[in-house]
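Report on the structure given below.
The values are calculated or read from the model by the stated rules, or taken from the named source; none is laboratory data. From a predicted model like this one, the values you see are computed outputs, not experimental measurements. Cβ coordinates were reconstructed from backbone atoms using ideal geometry, including for glycine residues, and neighbour counts include every protein chain displayed. With ligands, DNA and RNA removed, areas are computed over all heavy atoms of the protein, side chains included. Shrake-Rupley method; radii C 1.70, N 1.55, O 1.52, S 1.80 Å.
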Amino acid sequence: MAKRALITGITGQDGSYLAELLLEKGYEVYGLVRRTSTQRFSRISHIQDHLHLISGDMLDQTSLQEALREAQPDEVYNLAAQSFVQTSWRQPVFTGDVTALGVTRLLDAIRHVNPAIRFYQASSSEIFGKVQEVPQRETTPLYPRSPYGVAKAYGHWITINYRESYNMFAVSGILFNHESERRGIEFVTRKVTYNVARIKLGMAKELRLGNLDAQRDWGFAGDYVRAMWLMLQQPTPDDYVIATGETHTVQKLVETAFSYVGLNWRDYVVQDPAFMRPAEVDLLVGDPSKAGRQLGWEPTMTFTELIHRMVEADLKLLRDGGTED
């Protein structure tokens, strides 16, 4: 009998790549989707006929329990969140309710419906924030620097608590920044590649950004969802840092994208204080050695390949008359 998986956040970047991976592995895939006036299924439209979509909300405990009863999953991947750091400063309570307490609601629903379900929590490198050591690993002390980071730290620790208190197979993947052409336009990598494409095609004249010196560990989202699946196939539950182990500045990201289309970034980029964070996270770089040893996982795409892929996809999108998602 085919395994069953339930993915929250299935319409997002990670959810769409994970759904593809699980379908390839023969899973029956269910996805939790919020009822909204405008449905945005563009990332999963090519596989939607192979998915079972269930209405539910991370703010509503009853809907989560009903989704579990309907899907009867062997595995649950919690990718749902208010996932944009900048927005978390404007909507800190909502971010906490969805990104932090939503994890508790889902874990408790699993505990009551079927505690044998294996659970994956999408943790984040933002829990390290003002980093206490470089590189960051599973044992690095947490020091989040945004409401989003704080909410993710809560989700991380409540997952550990349910694992230890109720003997549940519950794991957290501490994923560092992972990108693709499916990334939302509000995230800096996609903002850069989309606007570089617009500038190249004569549709824009400048790109406004915040801190160009911030350093991040950027990888390919398709690689990172494979790590999520691997974590739930292990004999015992554990937490893992998933990263490339390499860091690049936002300026390097900009240089790489503009050079791909033969332009000098200095002619187009404007630093704008409006895009500065109230409390900046300056350096995030992960140590994925534990995932390499225990999961056999390693990234397959380089930073330069990733950015070139994203620029190329945005050029095609705009030439075809599309818009960002």
Practice prompt. Apply the Debye scattering formula to segment 136-202, with a single equal point scatterer on each alpha-carbon and no solvent, then give log10 I(q)/I(0) at q = 0.12, 0.18, 0.24 Å⁻¹.
Written response: -0.51, -0.83, -1.07
Fill in: Solvent-accessible area, 1.4 Å probe, carbon plus sulfur percent, for the chain
47
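Using Cα pairs under 8 angstrom and six or more residues apart, how large is the relative contact order of the chain, in percent? Don't skip to the end; give the middle numbers.
On the way: 644 pairs, mean separation 56.4, N = 325.
Across the chain, relative contact order equals 17 percent.
Using the Cβ atoms and a cut-off under 15 Å, what net charge is assigned to the surroundings of residue 26, where Lys and Arg are +1 and Asp and Glu are -1? Please report the intermediate quantities before stating the final value.
Numbers: positive: 3, 4, 25; negative: 20, 24, 28, 74, 75.
That works out to -2.
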Worksheet item: Based on Cα positions only, what radius of gyration and what Dmax would you give for segment 90-209, in angstroms?
Response: 18.0, 58
Item to complete: With θ set to phi - 60°, apply the Karplus curve 6.51 cos²θ - 1.76 cosθ + 1.60 along segment 282-288 and write out the HN-Hα couplings as whole Hz, x wherever there is a Gly or Pro.
Response: 7, 9, 10, 8, x, 10, x
Fill in: Most mobile listed residue (144, 135, 235) in the chain, GNM with C-alpha springs under 10 Å
235
Worksheet item: Using the C-alpha atoms of the chain, what convex hull volume per residue, in cubic angstrom, is computed?
Response: 131
Worksheet item: Which helices pass in the chain if a helix is a full DSSP H run, must span at least 15 angstrom along its long axis by Cα, and must have mean Kyte-Doolittle hydropathy not below 0.0?
Response: 13-24, 102-113, 221-231, 250-260, 303-319
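Kindly provide the helix-only [θ] at 222 nm of the chain, computed as the sum of -39,500 (n - 2.57) over DSSP H runs of four or more divided by all residues, to the nearest 500 deg cm²/dmol?
Mean residue ellipticity, 222 nm, calculated: -11500 deg cm²/dmol.
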Worksheet item: Can you list the residues, at least 5 places off or on another chain, whose amide H is less than 5 Å from the amide H of residue 130, using H built in the peptide plane?
Response: 143, 145
Discussion item. Using the Cα centre of the chain as origin and beta-carbon charges of +1 (Lys, Arg) and -1 (Asp, Glu), tell me which of 41, 110, 154 is placed farthest towards the positive end of the dipole.
Written reply: 41
Discussion item. Just want to confirm a number: the relative contact order over segment 1-152, from Cα pairs under 8 angstrom separated by 6+ residues, in percent.
Written reply: 23
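Need one word for segment 1-76: rounded, prolate or oblate. Basis is the Cα gyration tensor (sqrt eigenvalues a ≥ b ≥ c); a/c below 1.5 gives rounded, then a/b vs b/c decides.
Numbers: a/c = 2.05, a/b = 1.10, b/c = 1.86.
In terms of gyration-tensor shape, oblate.
Over every pair of different alpha-carbon atoms in segment 34-143, take the mean of 1/r and invert it; report that Kirkwood radius in Å.
Details: mean 1/r = 0.0623 Å⁻¹.
Computed over segment 34-143, the radius equals 16.0 Å.
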Worksheet item: With charges set only on the Cβ (+1 for Lys and Arg, -1 for Asp and Glu), what does the dipole of the chain come to about its Cα centre, in debye to the nearest 20?
Response: 360
Response to the item:
Share of Cα-Cα pairs in segment 202-317 beyond 16 Å, whole percent, is 68
Worksheet item: Lysine pairs in the chain 8 or more apart or on different chains: how many have alpha carbons under 27 angstrom apart?
Response: 18
Worksheet item: Where only protein heavy atoms count, and the probe is 1.4 Å, what is the accessible area per residue for the chain in Å²?
Response: 43
Worksheet item: With the dipole of segment 216-325 worked out from charges on the C-beta (+1 for Lys and Arg, -1 for Asp and Glu) around the Cα centre, which of 249, 227, 259 lies farthest toward the positive end?
Response: 227
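Using Cα-Cα distances under 8 Å and only pairs 6 or more residues apart, what relative contact order does segment 147-243 have, in percent? Show your work: numbers first, answer last.
On the way: 83 pairs, mean separation 37.5, N = 97.
This gives 39 percent for segment 147-243.
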